[in-house]
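First up is the structure itself, then whatever we jot down about it.
The values are calculated or read from the model by the stated rules, or taken from the named source; none is laboratory data. Note that the structure is predicted; figures quoted are calculated from it, not measured. Quick reminder, even Gly has a Cβ in these numbers, built from the backbone with ideal geometry, and neighbours come from all protein chains shown.
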Amino acid sequence: MMKIYLYIAMTLFLAVSFSPVLAEEKVYSLQDAYQSVIGTNEILKIAEEGISQSEFRVDQAKTYLYPRIVARSAYTKYNDTLPPGGGPVIFQPSGQFSAALVVTQPLYTGGRTFAALRTTEKMLDQSKKGLTVAQQDIMLKVTEAYYGVLKAQKSLEISRRSLDRLERHKKVTEKEAAARMTKANVTALLRAKTLENQAQIGIVRAADGLQIAREKLSMLTKLPADAKFKEPDPLPVPAENLEKLKTAALAEREDYASAKLSQGIATENITIVRGAHYPQIYAEAGITYLSSDPTTLLDATSYYGGLRLQIPLFEGGLMRAEVAEARSKLRQADLATTLLQRSIESEIYEAFTNLRTTASVLDTARIQLKYAKENFEAVEGMFAEGLVNSLSLIDAEQALSSSERELMIAAYDQQVNIQRLRKSIGILGKK
């Protein structure tokens, strides 16, 4: 009997130990949102394909450094032999087959072959930097959408707390109106009910805003629209001054580095254009085979090798015009780089100023909320004792709700502005 009890106890223990446990609902972080968008976003996929195409262009440019091997063959059928009817020497057979294998190696092309290779390598670097820029753009959008969800969640919580306070106020006014049915008490009760309804409408609108914010984030990241998100750790405010941030941006920004590469590409293009009009030297070797029916004196297998020199003598000013156009493109690239530098410095200034303003607003909002809480608690206590009217309580409640929203918005805006400044510097997502 004891064995049976032990068996039953062991069975129950194993059943409880290995029973399926309800999995906890996953809570996503901002980093999870970044990873999701990097793996699924179409814009980034397009940029990655651009890198692949640039790699293929580098491979194409390398092929011009290698020998070219060409095989040719042909068969020709004539209407008659020459001389007609044949003879000791045939000038034109009735049929002729030819084949050749030719190897050509460029020896000197005016420097344009290596310039073209360097150009494609710079274009590959540009494509990689373009991917980084696209990643940073998307990450900033995800940051804004992520904090948009957090803002909407907090706004809904603030609206619910406001409704709770107004419901407490309504209960007090109901008791007063029930105890003394005066016009003042009835008016206060109607006002309390109106404010309660307004708070309920605010909750509906806040819930709608939260749903929209979630959908925007889901469209970007492909995360579930009903997913839960946690508060990111607060980012430190950069301690560098404005000039140091501008200097760091010129060193870190991938689009600025890409503009520098465009200058190099434009310089290489001058070499490519000019080199096309310089003498060209090729080494050439081959083997030819000729077979005729009937046989001619030219039928043979021949081997040959030598150098081929090609010198442009007169092109009607084509070289001068093409080089002038290439130099104009270089000046255009220089101006574009200078313009981008000024734009970056302006962008840094704007982001730095916005962050500094947000920090000031945040400090003031903290103090404002502290005073608003203390004021509401004091007024609510006096209202319960009949020392102040309902208008004072309503004003205190509205001031408290407004202060809570101001602080929430300022706190989240500061984090978004920090990321916006990091993106302006060019370091967002690099570490």
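Could we say that Lys244 is surrounded by 14 or more Cβ atoms within 10 Å (Cβ to Cβ) and part of a helix (DSSP H, G or I) here? Criteria not met by Lys244. Filtering the stretch 387-408 to residues that are aliphatic (A, V, I, L, M) and surrounded by fewer than 18 Cβ atoms within 10 Å (Cβ to Cβ) leaves Leu387, Val388, Leu391. Among the residues making up the stretch 297-339, those that are under 40 Å from the mean Cα position of the chain (by Cα) and aliphatic (A, V, I, L, M) are Ala321, Val323, Ala324, Ala326, Leu330, Ala333, Leu335, Ala336, Leu339. When Val388 is tested against (1) more than 27 Å from the chain's Cα centre (by Cα); (2) of a type in the set (Val, Ile, Thr); (3) part of a helix (DSSP H, G or I), just one condition goes unmet, and that condition is (3).
Say whether the condition of being buried (at least 16 other Cβ atoms within 10 Å of the Cβ), among the polar types (S, T, N, Q) and either under 43 Å from the mean Cα position of the chain (by Cα) or at pLDDT 90 or above (or both) is met by at least one residue in the stretch 198-214. Looking for residues that are buried (at least 16 other Cβ atoms within 10 Å of the Cβ), among the polar types (S, T, N, Q) and either under 43 Å from the mean Cα position of the chain (by Cα) or at pLDDT 90 or above (or both), one finds none in the stretch 198-214, hence no.
Against the test of being closer than 25 Å to Ala378 by Cα, surrounded by fewer than 13 Cβ atoms within 10 Å (Cβ to Cβ) and modelled with pLDDT under 95, the options Lys183, Lys170, Lys175, Lys228 yield a single qualifying residue, Lys175.
Note on the stretch 363-384: residues that are over 11 Å from Glu397 (Cα atoms) and in contact with a helix residue (DSSP H, G or I) (Cβ under 7 Å, 6 or more places away or on another chain) total 6.
Out of the residues in the stretch 96-113 that are of a type outside the set (Gly, Ala, Ser) and either under 30 Å from Asp299 (Cα atoms) or modelled with pLDDT of 95 or more (or both), state the one that is surrounded by the most Cβ atoms within 10 Å (Cβ to Cβ). Reasoning before the result, please.
Going through the stretch 96-113, the residues of a type outside the set (Gly, Ala, Ser) turn out to be 96-97, 101-109, 112-113.
From the residues that got through so far, the ones that are either under 30 Å from Asp299 (Cα atoms) or modelled with pLDDT of 95 or more (or both) too are 96-97, 101-105.
Values: Gln96: 18, Phe97: 15, Leu101: 14, Val102: 15, Val103: 14, Thr104: 14, Gln105: 14.
Of everything passing the filter in the stretch 96-113, Gln96 is surrounded by the most Cβ atoms within 10 Å (Cβ to Cβ).
Of the residues making up the stretch 201-225, those that are in contact with a Ser or Thr (Cβ under 9 Å, 6 or more places away or on another chain) and of a type outside the set (A, V, I, L, M, F, W, C) are Gly202, Arg205, Gly209, Thr221, Lys222, Pro224. Just so you know, in the stretch 45-91 the residues that are small (Gly, Ala, Ser) and part of a helix (DSSP H, G or I) include one that is surrounded by the fewest Cβ atoms within 10 Å (Cβ to Cβ), and it is Ser52. Against the conditions (1) closer than 30 Å to Asn41 by Cα; (2) in a loop (DSSP other than H, G, I, E, B); (3) free of Cβ contacts under 8 Å to residues at least 12 places away in the same chain, Met181 satisfies every one except (1).
Pairs meeting the criteria (first residue in the stretch 402-416 and within 23 Å of Ala199 (Cβ to Cβ), second residue surrounded by fewer than 19 Cβ atoms within 10 Å (Cβ to Cβ) and among the aromatic types (Phe, Trp, Tyr), beta carbons under 9 Å, at least 6 apart or on different chains) are Ser403/Tyr371. Just to be sure I understand, how many residues within the stretch 346-368 are surrounded by 18 or more Cβ atoms within 10 Å (Cβ to Cβ) and either closer than 16 Å to Lys244 by Cα or free of Cβ contacts under 8 Å to residues at least 12 places away in the same chain (or both)? The number of residues fulfilling the criteria is 5.
Which of the residues belonging to the stretch 295-328 are touching a strand residue (DSSP E or B) at 6+ places or on another chain (Cβ under 9 Å), under 30 Å from Pro88 (Cα atoms) and not in a strand (DSSP E or B)? Show your work before the answer.
Within the stretch 295-328, the first condition is being touching a strand residue (DSSP E or B) at 6+ places or on another chain (Cβ under 9 Å), and the residues that meet it are 296, 298-312.
Subset that is under 30 Å from Pro88 (Cα atoms): 296, 298-304.
The answer is Thr296, Leu298, Asp299.
In the stretch 392-431, which residues are part of a loop (DSSP other than H, G, I, E, B), under 22 Å from Asn354 (Cα atoms) and not β-branched (Val, Ile, Thr)?
Selection gives Gly426, Leu428, Gly429.
In this structure, does Lys122 turn out to be of a type in the set (Lys, Arg) and either part of a loop (DSSP other than H, G, I, E, B) or under 30 Å from Leu30 (Cα atoms) (or both)? Before you say what the answer is, go through the steps one by one.
Details: of a type in the set (Lys, Arg): yes; either part of a loop (DSSP other than H, G, I, E, B) or under 30 Å from Leu30 (Cα atoms) (or both): no.
Judged against the criteria, Lys122 is not a match.
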